[in-house]
Each structure stands twice: as C-alpha cells, then as structure tokens.
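Structure first, commentary second.
The values are calculated or read from the model by the stated rules, or taken from the named source; none is laboratory data. Nothing here was measured: the structure is a model prediction, and the numbers come from that model. Neighbour counts run over all protein chains shown; Cβ positions are idealised from the backbone, glycine included.
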Amino acid sequence: MIRTEGLTKVYESKSGRQEALQDVSIHVDKGDIFGIIGMSGAGKSTLLRLIGMLEQPTSGKVWIQGQDVSMLTQGQQKEQRKKLGIVFQGYNLLMQKTVRENVEFPLRLSKTPRTQRRERAQELLKVVGLGDREGAYPAQLSGGQKQRVAIARALAPNPELLLLDEPTSALDSFTTASILELLQDLNKRMGITIVIITHEIGVVERVCNKTAVLDLSRVAEQGYTSEVMANPRAEATRRLLGLGGGFHG
Ligand SMILES: Nc1ncnc2c1ncn2[C@@H]1O[C@H](COP(=O)(O)OP(=O)(O)O)[C@@H](O)[C@H]1O
Ligand SMILES: [Mg+2]
C-alpha cells in the first residue's frame, strides 16, 4: 500500500541545514492501522507530507499502491493525492462554513454535482456520528466533534488511505478513545488503510497493528505493535514506554 525507501529530507535555510528525515524505510500493508510514533521534532509530520506528496524528498522514494510517485508529473501527483485522505494537525476547518459545507468542500473542488455532494456529506456525517449537526458552525463544536468533521471531510473523495497527523493530541482521554474507536470502525467496516502519527504511546497500543518508532529523524525500530511493545529494542521505544534508558543489551 505504502512503501518508502531511504527517504531523506533536508531543509536548508539561513540558520543552517536541518535533516528532518534520514534514510526512512517503512512498509504499510493494505488494511493496516499503522502508527508512526516519536517525540516532538522526530520528523513525523515531514514523513506524512512526503507520503502525501505535499513535498518532494531530498532523496529516497515513496511508492503508493505500487506506484513510484517520483515518476509522476505534478498534475498526476495531484490526481493521486485525491486518493489520499489527509487530516492535518489542528483540524483546519473553514470557520465561516457549516459542518456540511466543510465536508462538501473537497467535492466542490472536484466539481461533484450539488445534490450528490450534499448527500455524500450527510452520509459521512452520519458515519462519524454527527448526523444531527450538519448546520452547525465549527465554533459551536467540541474538539472531538471538530476532529470528526475533519475526518468526514478527508473521507469525502472516498480514499483508500487515510493519513492523520496527531489526531488526538488536543483531546482528553475520553474523547481520544471515541475518536480511536471511530478510526477502528472505518478500518474494519470500510477497509480503509490508516496511518496515524502520534507522540502518545497509548494511541498505538490501542489501535495500531504495526508501529514505526521515529527518533532523531530515523526509524529506531518497526514491526507489529504487540512485538515492539513487548520487547522494545530501541532506547527511544523504552523512553516512550516510560521504561527509562540505560539498557543496551
Ligand atoms: N519547512 C521546514 N523548514 C525547516 N525545518 C523544518 C521544516 N519542517 C520541519 N523542519 C524541522 O525538521 C524537524 C522535524 O520536524 P517535524 O517533521 O515537524 O517533526 P514532528 O512532526 O515529529 O514534531 C524539526 O527539527 C523541524 O524543526
Ligand atoms: Mg508534527
């Protein structure tokens, strides 16, 4: 579904050279809920932007559904990007638009006819549990509800792949649980492959079948979550698990 190989991203600026990502190879299979976990600054959002074709890597490759995306023209990348649902950190909702209009927005861009657009938005709002709030404005919603709108909007073009950047980091534990339940449900019922970026170990433990631990712009380890958590080999993983450092055996 997604494969990256030797993915490296270097940002050059006046203040110097920042290696945001170094030699990152991950493998996400169809049907996975894949967790990318790491501390702030580890390179998680950079990795999501490269997978989402929002930026080009300095070196290395990304394959999505077997397609080497570096072989695509900009126009083709744009088409391909529509097959991805991306939920950015902080919801990014249009505050002057209603909940339904927010969900309709990507369909408007792809010139879907009005009635069809409206029906699709209403259907998706039901899926995310907001069937009765279509006329509300984002300011009238709780954080968890805003996240549900952002997820519904990402689902509007019917993507096979959903990428989420820190979807629960601004939410309390109860709301986090309900959002994770929704994601699990989308994965099971609609067969959507999901990539979740997070700094919370509880998120990957709860819903991710596989996990990659990012540390200082590199993959520290990756594998089935149950195995990684039961037998953490990287110091970064032990730190995230609250086990402290010092073990190098
Ligand atoms: N556009 C950019 N220009 C320069 N440096 C950047 C840019 N984006 C990210 N970085 C740097 O790359 C590193 C990784 O950032 P990021 O991917 O946002 O990490 P995370 O999402 O794990 O917190 C950080 O040191 C950050 O400052
Ligand atoms: Mg980030």
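Of note:
- Residue count for the stretch 105-133 under the criterion of being within 23 Å of residue 184 (Cα to Cα) and either in contact (Cβ under 8 Å) with a residue 40 or more places away in the chain or assigned to a loop (DSSP other than H, G, I, E, B) (or both): the result is 7.
- Extreme residue, nearest to residue 162 (Cα to Cα), among residues of the stretch 50-104 that are in a strand (DSSP E or B) and within 16 Å of ligand 2 (Cβ to nearest atom): 86
- Condition check for residue 157: buried (at least 21 other Cβ atoms within 10 Å of the Cβ) and either small (Gly, Ala, Ser) or assigned to a loop (DSSP other than H, G, I, E, B) (or both): no
- Candidate set from the stretch 7-45 (those that are among the β-branched types (Val, Ile, Thr) and under 15 Å from residue 164 (Cβ atoms)); member that is surrounded by the most Cβ atoms within 10 Å (Cβ to Cβ): 36
- Among the residues of the stretch 1-24, the ones that are within 16 Å of ligand 2 (Cβ to nearest atom) and either outside any strand (DSSP E or B) or polar (S, T, N, Q) (or both) come to 1 in all.
- Answer residue from the stretch 177-194, given it is farther than 18 Å from residue 149 by Cα and in contact (Cβ under 8 Å) with a residue 60 or more places away in the chain and is surrounded by the most Cβ atoms within 10 Å (Cβ to Cβ) among those: 193
- First in the stretch 153-176 and in contact (Cβ under 8 Å) with a residue 12 or more places away in the chain and farther than 22 Å from residue 28 by Cα, second anywhere and of a type in the set (Val, Ile, Thr) and within 15 Å of ligand 1 (Cβ to nearest atom), Cβ under 9 Å, 6 or more apart: 153/87; 169/198; 169/203; 175/168; 176/168; 176/203
- One residue alone among 50, 21, 7, 72 is without any contact (Cβ under 8 Å) to a residue 24 or more places away in the chain, among the hydrophobic types (A, V, I, L, M, F, W, C) and assigned by TED's automatic domain parsing to the domain that holds residue 211, and that residue is 72.
- Residue check for residue 175: within 16 Å of ligand 1 (Cβ to nearest atom) and of a type in the set (Ser, Thr, Tyr): no
- Out of 44, 83, 126, 97, one residue alone is under 22 Å from residue 3 (Cβ atoms) and at pLDDT 95 or above. It is 44.
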